[in-house]
Structures are given as C-alpha cells and as structure tokens.
C-alpha cells in the first residue's frame, strides 16, 4: 500500500447537462456516479471503452479540466482539480496531464507549421532559455516517437500522414514529461497499416518512461492489446471494470458480452457468433431516460428488478460488475440494494 | 454472366492553378469483374484510389477527374451501359437508384434534414416512376420498410430524430426501393458503434441474400470483410495487389501488404506483438516507380523497384500482383 | 508578398486587369501632386470646353480643367475610402475576436452595442451630423464617422467565425500547449478571420465612397474639397446635362466605375489566393 497520494482518483463523479431552453428542457446525465483510480508508482494503461453516448468523451474532458463535475470530485496527485483557478496553477496541472486527440488533421491548425506547437509548448512551460535549447528539447521529444525535427521541419499538417501527425501530437504531449496522458480515440482515424505504431508507442511510454495512459476507445481489440485494466461504459455508468484479460475474455456483464460478440474478427471461419441477429434501438434518448439499469431494454437476461433501480457494483472474480445477475451470491463491494 | 467488367482503367485528377499542375494517378490500371449474387469487398487505406474507383464505376466522372484509358461496362441483362460514354441524362433516368444505388458513410447526405423520411422516399420514387396513386405508394413503402425489419414510424420522423444507426438503415432502405442490381456501399459503418455496425451489416447481408443482387462493399476494415464479403480485393496506391475469395485471402494471403493488413489486426485473446509497416501510403501525384509498395515491403528485391508486377492468376479466382509470387509459380 | 503578386500577375486574368485599371487610377492620383491647376481656383481656363488634347476631360462651367480637377477628386475619395476601411476593420476585428473568444457578458455587451449600430439609420444621422458640424465636416472627420458606423456587420461575422474556431481541436491543442487566450486569438484564429476582413474591406471602401457621393450630391459635405461626389454636385448645380456639358457628368462617372471595378477585381483575386480553404485546395491539402 503506497503512502503517496494516488496519481488520479475519480470519486463518485456525476456530470449533468441541461438540454433545451431556459424554461423546460431535460436533464442529461452524461456521467453517472463514476469512480476509479490510478496509482502513482505503477504506470498503467487504463482503457475507458464504450460506444457513442456512453459518457467516455465527457469523462475525458472532465479529467482535462474542461468541465466541472456536477457531483463528486476528481483528485490529481491528491489535489481537487476544481480548485485550480489561477493560470499558473493551470499551467502546472497541464505540465503533468496532457491530451492526444482523435482527428490528426484537426489537432493542428492547417495554417501553421506543426513544429510551431512544439516550440510553443517549450516556451510556455519555460523549459528553455533560447531557441537552440528549445530545438534540442523538441528534437528529443520527436525522437522518442520515432521522428526527428529535421523530418518535420517547416511541414504543414497536410504534408504529413495521419500516423505521422499523431506521433507529433504525442511528442508534443511528452515535452513537459507528463505523468498522465489522455488519449481520446487516438487511432480511430489513422490508417490500418499505421495504427499499430501509435498503439505500440503507448506501450513504450508506459514501460520506458513511466507514463500512465488513459486510453479512450470503442475498439475492444486494440484495448485488449495494450491495456492493463479496462472499464466498460454504458450511458454514463461504468458497468464492468477490471484487468483487461478478465473483462474481455470472460465478460460478466451482458452488455460487455454483447460488445465482445459484436466485434468482427478477421477470421472467416469464426463468423457464427457475430452472425447472430440482434435488435437495435431506434433512438438513444429513450435509453438515457430509463429508470434502473440502462441496458434493461436490450438485455437478454433482464429481470424485473433491473427496471426498478440502479444495479449495485458487485465483485465477480477480479472484475467489478454493475449487474443484478451477480448480486445474490457474491460479496458486494458497496452497499447495494438487496431485492 | 458478368454484371460489371472493368478493364485496364486509368483515372486521374488533373489540376492546374497558379502555374502548378498536378496529376494524381488515383486509379492506375485496374481490371476486375463483378458477378450477380455476391458481396464483393474492396479493402484499402486512405488514398489507395478506392473512392475514385467508385466514382468512375457509378458514373460520377467530373473534372478534375478524367478517365484516361480503359473501359467500364455493365450488363444488366435487358440493358447494357458503358459508364465512360453514358450521358448524365441516361444515368439519371435509367441507372441511378434503379440499377445502381449508393450507400455512403454519412447517411445525412442522402436524407434531407428538413424533410420527413417519407418525403425523401417520395422524392426519389417520383423522379423515376411518377406516383399516381399516393395510397398505394405509402403502402408499398411501409411494406418495404417492414420487410427490412424497421419500424414504420421511422417514416414519419425527421432524420435528426433517429439514431445514427437507424439513419444508416433508412439510407439502405432508400437504396433498395427499386431492387437495384448493384448496391455500392462506401464505408457504410465506419463512423458507427460496433453493435450498430453489426446490425447494419446484417441488414446488408439479408438484403443481398433475399434479392440475390451484387453488393460492392468498400471499407478499410478487414474484419468486416472477413464476416461479410464473399470475395475481397485489396487496393494499394491506385492498383489492385490481390483478389481472392474471403477464406482464401485470410488463410493464405500472398501479397506482403495483404499479409500485413491481416496479421497486424489485434484480436481479443491474443497478446502477441503486432508490428506496423514502416513509411506511409504514397503520394499519388508522385508514386514510387515499379511496384508502388516497394518502399515499405519487408521482402523487397531489386526487380520491385523498377518493374511493375502484373496482376496474375495464381489459382482459380486468386490473383496477385507481386514479383515474389510470380517467381514461385514459375 | 512579392512572390504572391508575381504569381497572381502571371496566372490570374482578373488580377492583371485590376492592375491595369488601378494603375490608371494611381497614375491619376500621382499626377495630382503635379497639377498645373489649383482645384480651389475657378475660371483659370475657358469654360465649357469639350474634351480635347489640351483638356482631356474638357472643362467645367466654372472654368476648371476637369481632368486635373478629377485627379484631386480621385485622390480624396480613395483617401476617404481607405481611412474609413482601416478604422472600421480595426474595430470590427477587435470586437469580433474578443466577443467570440471570451463569450459570457463581454460577448453580450459587445453584441448589444454592435446591434444598436446596425439598426441606427445611417443616412439621416449623417445628414443631421453634417448640419451640426458644417464647418468641421472635412474629409477626415467624415472618414472617422463612417468608420465608427461601418464595423458592426463584420464584427458579428468575425465573432461567428471565432465561435466555430473555438470548438476546433487545434484550439484545444493550443490551450494544452500553455498558450494564453490572447495569443490563441492572434495566432490560431486571426489567420482564418483575415479573409473575411479582406473580403469585406472592399465592400467597406465602396460603401464609404458611395456614402460620400450621396452626401455631396445632396450638398451636405464640404463642397470645396474635390471628390467624386462633389464633382457630381457641381455638375448638377450648373445643370450640366441640360446645358450640354455632358463630359462633366460622364468623366467622373467613368472614373468612378474604373475605380470600383479595379478594386473589386483586385480584392476578389487576392482573396481567393489568401483564403485558407482555396489555398489549401490549390497547394494540395
């Protein structure tokens, strides 16, 4: 048990949005009572997986201090992130927490040379006293992602491939030697043949530089490949979380099972389970507004109680599952409602 | 009987502005055939030329795109068409929606956002077959929607009220109203979640199985091809590098690029290290000489840098364009 | 800059034509500094003479050589147009960038002010002001007033552009690179905003020159200053058309048309070149 504070401690965080006008409108709970944490002394790759509308993007904005939680707290290195008000405190924060965005062609302005952002970062974080020193730091950062300043010099985004831009984006994030990187769908817009180099890069960062990565994706295959732990999100809730091998090889929650089954495998002989027909929802709003378990409308194992109240978190083996199926015969991790 | 025969097609983009003229050789010598009652997959990354190929096949050849060489001929049984010579009027009247229809990545481009779905149906049907009996049209449309497993109330909704997956399925319903012989699906599920993707692809498969027409499915996702396509064709930098029935291409891929595409895909249950290719897809305005894949190929030989490998048949229905394979079969 | 001009000159027909037309205008302006006649004096030459070699645009009913008089007119009108454009551009960019990026109450206040300016009926106010400031309504003051009224439309345009730019990923990248809000607007957003500014500058110049013409024709500006507007006023005053002195109306009209057309072609061709979207398309982005 380490005595230093956790790197990141998300405690019962809820984010609600008001949609519609000042009068009337509805409450959209994008993130609902989410808790998880990352240790400081054990760098890891933690995946937040889910489909669109699951709340993962809202959660990532929250962790980057782009949004404030409606309820709950986010602690970074022991400090409540919402107390960061002054600009100097914000700069100290972002030196340690950096993002990598989804669309490589939007990450940098098409009218600026990509290296400009790297030099900006060095200058704003006061890491060099002159241009030559700054160039050295920028070059180091680029080399750690397999590029160099000479390759990238004077280039505009459209002159580089998606894979190269993503690498530059990671290099920029690495300049301040952060402890945590938030990568939001970093490879979904990158060509298939270039994808693995970015994914492998995250592993290298964890192993060689001790950087923890929160990897946000809907692609379970790459999540399996690089993560240590994974949390599956559905409509704002974390429905299952735990070590990635356990969650993805032996999924306990029916939604995780559905997700895993729906991932097409590049092996024609294994088509059977994917070929089973399923039902799709008509609109998403209906699921959000549902009382009780958000998956109840589509769950093959639904019970009456599922529609009455939110399911409790239950420990099943090494994973935590938010499902009534397991709440009778296994020990609970939190006080839950017993039917 | 071949539905579509593409022979030695070369289609380039020629732009000239402020003294800089560029020729992008997007499709550079492509030949393949499509048959009735099959799902034909086209795989390839961005800038491999597949989007240009589709434009030419569906007759959308507008400057700066120009078909320099080759032929694109359709045989619909009662009707033949030469895509490179056909008039826009003929395309509009006899081809689009009736014999060839299109499902694209963003369904919003076919669904009018300010009109109810049923109105879009009406617009499309009306341009081809004057609707004389409105009630009959509504009944037929409802039946069509139901047959595809969609609830009829989607007809009365506006597109933005439906989820992304539902919109895409409505777009597919639109594309199949006239039972076309060829449905071109261009990255139909790329932006969709994996569960929704499964539903949409199932729908495409069911339609194809019921009407026994041809579906040309273009996507960079090899896993989708593995589960949906009957035959797969791999494109790289404007050329075909391999083409074979799905089982064959996944079990015995012969071209190094295909091998990489398949082997680099991570799978749940497997934690072995996956490598990536060095380099990046080439610039089609200035492609590499010889085999366009040679700068990135792990098995590159001298010949590859200068001589363009021909697409040859190595087995029944299995074609490859690679000097390695040519050597082996000698 | 020179490279841009050279490229445009070589490849864009509109730019070439613009250079020719505006070249003529510029020559006229330069000639005004060497004018043999003082535009303030009248009856220096025989009046009502039709165009000839000695007097290329003929002479007016007040005994002034029209050509040399117009060189001053063009110079003054263009001066007015440019000063107005500069003042209104600067204000609209500052307001638009600030309102768009800061949002909140700053945005609301600035937009309320801007909207008020939009709905104010300009011509009646100008007429009123010119009555009140009869003495001091010289060209510079008129330019300042027009500049103060000409920024509101564009401020809102710029603000919308900034609102959408704010949401784009590269703005967030700049935030996490530690760049302050001020520098984000300048370095990231301004380059996208400039084409709008450029495009509306032309509009602004033409509008202000037109406004001046309107005021002058009504006799409300400083009529001793030669401008394209006062040319028409004096021509009207002396019943030029009725008296058969057609060149007094035609020459200013033609010069004005050449000025307007030249400016239009110049701006359109340059704008297409500097607009990020067309530029990206052309350099292959």
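The values are calculated or read from the model by the stated rules, or taken from the named source; none is laboratory data. Note that this is a predicted model, so its numbers are computed, not measured. Cβ coordinates were reconstructed from backbone atoms using ideal geometry, including for glycine residues, and neighbour counts include every protein chain displayed.
Every condition in (1) farther than 30 Å from residue A:275 by Cβ; (2) within 18 Å of the chain's Cα centre (by Cα) is met by residue B:245 except one, and the failing one is (1). In region B:192-220, which residues are outside any helix (DSSP H, G or I) and in contact (Cβ under 8 Å) with a residue 40 or more places away in the chain? B:212, B:213, B:214, B:215, B:216, B:217, B:218, B:219, B:220 - these are the residues of region B:192-220 that are outside any helix (DSSP H, G or I) and in contact (Cβ under 8 Å) with a residue 40 or more places away in the chain.
Picking from residues in region C:5-24 that are assigned to a helix (DSSP H, G or I) and buried (at least 18 other Cβ atoms within 10 Å of the Cβ), the one that is modelled with the lowest pLDDT is C:8.
Checking every residue in region C:173-180 against the condition of being buried (at least 22 other Cβ atoms within 10 Å of the Cβ), in contact with a strand residue (DSSP E or B) (Cβ under 6 Å, 6 or more places away or on another chain), within 14 Å of chain A (Cβ to nearest Cβ) and part of a helix (DSSP H, G or I) gives at least one match. Is it true that residue B:222 is touching a strand residue (DSSP E or B) at 6+ places or on another chain (Cβ under 7 Å) and crowded, with 20+ Cβ neighbours inside 10 Å? Against the criterion (touching a strand residue (DSSP E or B) at 6+ places or on another chain (Cβ under 7 Å) and crowded, with 20+ Cβ neighbours inside 10 Å), residue B:222 qualifies.
Within region C:181-190, can you find the residues that are surrounded by fewer than 16 Cβ atoms within 10 Å (Cβ to Cβ) and facing chain A (nearest Cβ under 10 Å)? Steps first, answer last, please.
Step one: filter region C:181-190 for residues surrounded by fewer than 16 Cβ atoms within 10 Å (Cβ to Cβ), giving C:181-183, C:186.
Within region C:181-190, C:181, C:183 meet the criteria.
Got a sec? Which helices (runs of 4 or more DSSP H) wholly within region A:105-171 have at least 1 residues that are at pLDDT 90 or above and closer than 25 Å to residue C:193 by Cβ? Result: A:114-124. If you go through region B:233-266 and keep only what is assigned to a loop (DSSP other than H, G, I, E, B), in contact with a helix residue (DSSP H, G or I) (Cβ under 6 Å, 6 or more places away or on another chain) and more than 16 Å from residue B:277 (Cα to Cα), you end up with B:253, B:254.
For region A:85-105, name all the residues that are within 7 Å of chain C (Cβ to nearest Cβ) and closer than 19 Å to residue A:215 by Cα. Show your work before the answer.
Narrowing region A:85-105 to residues within 7 Å of chain C (Cβ to nearest Cβ): A:91, A:94, A:98-99, A:101, A:103.
Of everything in region A:85-105, those that are within 7 Å of chain C (Cβ to nearest Cβ) and closer than 19 Å to residue A:215 by Cα turn out to be A:94, A:98, A:99, A:101, A:103.
Of the candidates B:313, B:280, B:264, the single residue that is farther than 30 Å from residue B:21 by Cα and within 11 Å of another protein chain (Cβ to nearest Cβ) is B:264.
Inspect region C:199-207 for any residue being more than 29 Å from residue C:127 (Cβ to Cβ), touching a residue at least 12 places away in the same chain (Cβ under 8 Å) and assigned to a helix (DSSP H, G or I) and give the result as yes or no.
yes
If we keep just the residues of region C:143-172 that are in a helix (DSSP H, G or I) and out of contact with any helix residue (DSSP H, G or I) (no Cβ under 8 Å at 6 or more places or on another chain), which is nearest to the other protein chains (Cβ to nearest Cβ)? Can you show your working first?
Filtering region C:143-172 down to residues in a helix (DSSP H, G or I) leaves C:143-149, C:152-166, C:169-172.
Narrowing further to those that are out of contact with any helix residue (DSSP H, G or I) (no Cβ under 8 Å at 6 or more places or on another chain): C:164, C:172.
Values: C:164: 12, C:172: 7 Å.
Here the answer is C:172.
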